[in-house]
Amino acid sequence: MNAIIQKLLPLVLPLIKKKRSWAALIAVAGISFIATGQIPLEIDRLWKEPRELLVDRVSAARDSQQEAAEEFRDALTQFKAVTGFSGGDLERQYNKLNKAYKDSKDAAGDITRRVDRVVAASNRLLTEWRAELGDYNDPQLKRLAEQQFDETRQRAELLIASMRKTEQTMQPVLQSFQDQVLYLKHNLNLSAIASLDEEATMIQSNVDMLIAEMETSIAEADEFIRIILARG
């Protein structure tokens, strides 16, 4: 960590000497965060414009949904492997399923954090935009700006609602996986495996529905980004 700081200091000192206070502040803050090992998620607000910030955070939320979809698919695969298990190291099968469940839970938590950041970035952009609408002198340009503002606000609301719906859909799937993992943990025997098989169809259906929700939300995120970037 100290080696990284030593490499960064020569880059910061010229900024300080040239009295570029804003750049020096960001650089010094960055070094401080690296030194302490604490890099806050909101640090990108220091240098990104509201529109760029929103696009980047929507992209990150979309990517986290794609990663979560893979984690849930893997968890379902591991669950099916357990229900089809007929002999061998049962504890090893449990460990695989437990890891898949924990990875899915972590991925779900990441989605929640990413969506919260999208909400914050959207609010920042729209608040600044709304305040600047009063600065227009040309009535025609003002009407156009107001129309674009309303369209962007509506699209942001729809996108966030879609992402929140995905969050809600994840919860029953996670709860089902958690119940089965706990039951298997407390009953490491073939009769427990047989009882898990009864839940396989329901879990398969829930995961399929979740993946469909994620794919819809991902597509909406792509469309939102395309429209925002097209406006320049």
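The values are calculated or read from the model by the stated rules, or taken from the named source; none is laboratory data. All values reported here derive from a predicted model rather than from experimental measurement. Methodologically, a virtual Cβ is constructed for each residue, glycine included, from the backbone with ideal geometry; neighbour enumeration extends over all protein chains shown.
Below are the figures for this structure:
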quantity: Residue in the stretch 116-126 that is over 18 Å from the mean Cα position of the chain (by Cα), surrounded by 12 or more Cβ atoms within 10 Å (Cβ to Cβ) and not in a helix (DSSP H, G or I) present; calculated: no
quantity: Qualifying residues in the stretch 196-218 (those that are of a type in the set (Gly, Ala, Ser) and either within 19 Å of Asp110 (Cα to Cα) or touching a strand residue (DSSP E or B) at 6+ places or on another chain (Cβ under 9 Å) (or both)) - the one surrounded by the fewest Cβ atoms within 10 Å (Cβ to Cβ); calculated: Ala212
quantity: Hits in the stretch 54-112 - residues which are among the aliphatic types (A, V, I, L, M) and free of Cβ contacts under 8 Å to residues at least 24 places away in the same chain; calculated: Ala81
quantity: Residue that is modelled with the highest pLDDT, among those in the stretch 69-82 that are surrounded by 19 or more Cβ atoms within 10 Å (Cβ to Cβ) and out of contact with any Ser or Thr (no Cβ under 7 Å at 6 or more places or on another chain); calculated: Ala69
quantity: Yes/no for Arg92 being under 28 Å from the mean Cα position of the chain (by Cα) and either among the polar types (S, T, N, Q) or part of a helix (DSSP H, G or I) (or both); calculated: no
quantity: Every residue from the stretch 134-147 that is out of contact with any Phe, Trp or Tyr (no Cβ under 7 Å at 6 or more places or on another chain) and surrounded by 13 or more Cβ atoms within 10 Å (Cβ to Cβ); calculated: Tyr136, Glu146
